[in-house]
Structures are given as C-alpha cells and as structure tokens.
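Beneath this line is the structure, given in structure tokens, with notes to follow.
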Amino acid sequence: MTRLWIEGEISNLSRPASGHIYLTLKDDTAQVSAAWFRQRQRGPAVGFKNGDRVLAFGRVSIYEARGNYQLIIEELEPAGEGVLKRRFDALKLKLANEGLFDEERKLALPELPNRIGIVTSPSGAAVRDILSILKRRFPAVPIIIYPAAVQGDAAPGELIAALSTAVTRDECDVLILGRGGGSLEDLWAFNDEQLARAIVDCPIPIVSAVGHEVDFTIADFVADIRAPTPSGAAEIVVPNQVDWLRQVSAIATRIARVGQRALEDRAQELDWLGKRLLASSPAATLQRQHDSLREHSGRMRSAMRQQLLQHRNRLQETSSELRQSSPALLVQRSISQLAQLRQRLATATDIMLSDASHKIALLGRALNSVSPLATLDRGYAIVKREDNGKIIMDATSMKSGEDIRAHLASGELIATVKKVLGDD
C-alpha cells in the first residue's frame, strides 16, 4: 500500500479518551481527514495544536462508516524542522563520506596566538561574551572582528566572504566562527555546504562556536575544534593569564638559577686559571726545580745505600754457597745417602718377599677351594657318557642300558644305567 508525506495545517484536532488523535490537514485549496492512533504516536504528540503546520507521513485509507478517504498517520513532525533535519542529515552524510570530518586533516591550535580573529555579527551577544572572556583570560592578545550576518539567506555568503578576508589579510593565527543560540532555522546558515567547504579550505585553524552545547551544525563537524558555546571558544583559544604568568615566572626562576650556576662555574674557572698563572711564575718554577733537585738527591743517596746493602748480602750468600759446595762435604753427603739407600733397599726387599708369600698362600687356598678334586673329596662324583666322554648334566638325556663313567675322589667307575628318574 502506497505511503506518502503530506504537509498542512492542523484543524479540528480531537483527543478522545481512547488516546487516539483525530485531525484535519488543510492548506489554501484542500483538506483531508487524518487519524493518528495511539500505538503509532511517538515523541511529544500532546504538543500539537490547531494552527500548527506539520508534516505527516502515512497511508491513505477509506473510512467505511462514512465512505470518505482519510490519512492513517505513522509519523508526525513540525513541517519546517522536519525538512531541515533531513537536509542536515543528508549533507552530514555526504561530507562525512568525503572525509571532511576526519581528525587527521584538522589543524592544531597555537598554544598562544599572536592575534585572534572573530567571524560573527558585531552586534550579537556572542561577540560580547567572547570579548569579555578573552579580556579576562589574556587581554594582551589583539583581537580582530570580521563582521558577517549569522542568520538569514545572506548569512552563508557573508560568512564565506569574511573567512576569505581573514585568509587574504593573513593577520590572525586562529579564528572563532560562531553566534549565540537559537532554533534550527536560526542556526541554518552554519549548515551551508559552501560554508563548510570554505572552513575546510581555510589555512588558519578555526574554532566553531555555534549556539548552545546541545546545538550541532555542519560547521562544528568540519571545523578544527568545536566549542560548546562562544564563551567556551574564548577559553579554548587562549590560556589563562594567571596560569601563563605562573609558568613564565617558573621559567624565569629556572633561567635565573641556570644563569647563577653558569656564573659560579665561570668564577671557579677563573680561580683555577689564576692558580695556574701563579704556578707558572719564574719564582714558582725555580722553587719547584729546587724541591725536585733536593728530592732527587735524597732518592740517589737512598738508592746507593740500598745497593751497598744488597751487594753485602749477596756476598754473604755467595760465601755460604761456596762452603756448602766444597768436595769434602759433597763426598760425606754421598756416603751418608748411599748408606740410607742400602738400608731402604733391604727393608723394601723384605717387605716385598713377605707380601708375595702371603699372596701366594691366599691364592693357593682360593684355588683349592674351587678345585674339582676338592669337590670329589667331599663325596661327589663327575659322571660322563662312556661313548663320547661328555659330562652328564641332565638324567633325562640318558637311556636305560647306556654306559656311564663316574670319576671319584679316588679312581673311576664304569656302570650301566638301569633306570632314568626325572626331577619328580
């Protein structure tokens, strides 16, 4: 079913207890009945009254009881504001898709501007608020006003021309663009597409200050900074003079401290150079040479005494070494060493023979303990096959009637197997 928008003036408004709203939409030439049922109502429906010009969206239906057409309303909004709102949203989407709202392209504000430009109406309340805040926060910064209309059909062109003048004159390093609060229609000049593109192309940073904090315009989105109000823009573009002076004072104190330290360093350097100059005088040089000569003389006498003492000690050591190296003493030492060696050789020989005899006895006993003959002495016998001489380890490997040979501790026996018994 087809739906359509109808713009007209409300008349015959009726609000029965059911909560539905019945009305007539009319213009200069025609009228149509309409019904806005309670379940479709959204927003401030109770605010509409006779005489309001509205924009209604809905579908056409036939009221069978009376056989006439009526509009079943699905949305109802003030006529002017609704159209402007859709134009605003369409332009906002278009510019956003072009990247005009991107933060990457926006300019940074100077920390302390040399001169501030204000693009606004010179007779509005906004410019008075801005000037008052700027004078209070930082009165030393000069201000230039670029006058322009901020409302009406001519406003966008005048605002663009004012921006162009500011760029051409190039006398400010930040601009405030704005006006005081108002309705959507009052602020509509700042939703102009050409003005938005002029703001984007402006090489000077722009602070948008349009309306109150809840008001948003296209200029706010494309500007480098959005201020919630014109007063807020003034607080953004300049620092607080008290804070600034406090920082300047702190910097001045640091500079003075650095300068004082530099002066102290230079004074110390001057004292050091004076001492060097004094140390380089002829009298000081002669005194140093005299002291050096006396020191060298003392060191020479000490070295000579040390050398004489070393030679005396060396002579005594050499005499002792000569006495120790006499042939008689060497022969006597050799005879004594020979006697000691003979005694040690005899002792070592006796010990070796004793150890060898003991080991042989141990080995004999160990050998006898594992000898098969010792096992036979305890009553055991070694039994072999008679035919091939192999030792029999398993009784089941023999058969009855086979001959065996048994080796005893004394002699051997040859026997015949009568019966084979297993482990059982």
Cβ-based exposure ranking for Phe37, Phe101, in which fewest neighbours within 10 Å come first
Phe37, Phe101
C-alpha long axis of helix 327-369 to longest principal axis of the chain, angle in °
90
Only helices counted: for the chain, with every DSSP H run of 4 or more residues adding -39500 (n - 2.57) and the sum spread over all residues, [θ] at 222 nm is -16000 deg cm²/dmol
Using the Cβ atoms and a cut-off under 14 Å, what net charge is assigned to the surroundings of Leu134, where Lys and Arg are +1 and Asp and Glu are -1?
+3
Cα long-axis angle, helix 282-324 against the chain (0 to 90 degrees, to the nearest 10)
20
Between helix 125-137 and the chain: long-axis angle, C-alpha atoms, 0 to 90°, nearest 10
40
Quick one: net charge around Glu213, please, counting Lys, Arg +1 and Asp, Glu -1 for every other residue with C-beta under 15 Å from its C-beta.
-2
Work from the charge dipole of the chain (Cβ charges, +1 for Lys and Arg, -1 for Asp and Glu, about the Cα centre) and give the residue of Ala339, Val238, Ala366 farthest towards its positive end.
Ala339
For Ile391, Ile130, ascending order of other Cβ atoms within 10 Å (fewest first) is Ile391, Ile130
Label point distance in nm, Asn97-Thr165, each placed 7 Å from Cα along Cα→Cβ
3.7
Cα centroids of segment 49-64 and segment 360-393: how far apart, whole angstrom?
134
As a footprinting exposure proxy, order Trp272, Trp244, Trp188 by other Cβ within 10 Å, with the fewest listed first.
Trp272, Trp244, Trp188
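Classify segment 119-187 from the C-alpha gyration tensor, please: rounded if a/c falls under 1.5, else prolate or oblate depending on whether a/b exceeds b/c.
Taking the square roots of the gyration eigenvalues as a ≥ b ≥ c, segment 119-187 is oblate.
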Calculate log10 I(q)/I(0) of segment 98-239 for q = 0.09, 0.15 Å⁻¹, where I(q) comes from the Debye formula with a single equal point scatterer on each Cα and nothing for solvent.
-0.22, -0.63
In a Gaussian network model over the chain where Cα atoms closer than 10 Å are linked, find which of Arg385, Arg344, Arg105 has the largest mean-square fluctuation.
Arg385
Amide H neighbours of Val119 at under 5 Å, excluding residues fewer than 5 places away on the same chain, with H built from the backbone geometry, are Tyr146, Ile176, Leu177, Gly178
Tell me, what HN-Hα J-couplings in whole Hz come from the Karplus equation 6.51 cos²θ - 1.76 cosθ + 1.60 at θ = phi - 60° for each residue of segment 196-213, using x for Gly and Pro?
4, 6, 5, 5, 5, 7, 5, x, 9, x, 10, 9, 8, 9, 10, x, 9, 5
Summing +1 per Lys or Arg and -1 per Asp or Glu among the other residues with Cβ less than 10 Å from Ser397's Cβ gives +1
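Bear in mind these aren't lab numbers, they're just calculated from the coordinates by the rules spelled out. All figures in this text were calculated on a predicted structure; none of them were measured in a lab. Every residue, glycine as well, gets a Cβ built from its backbone with ideal geometry; the counts of neighbours run over all protein chains shown.
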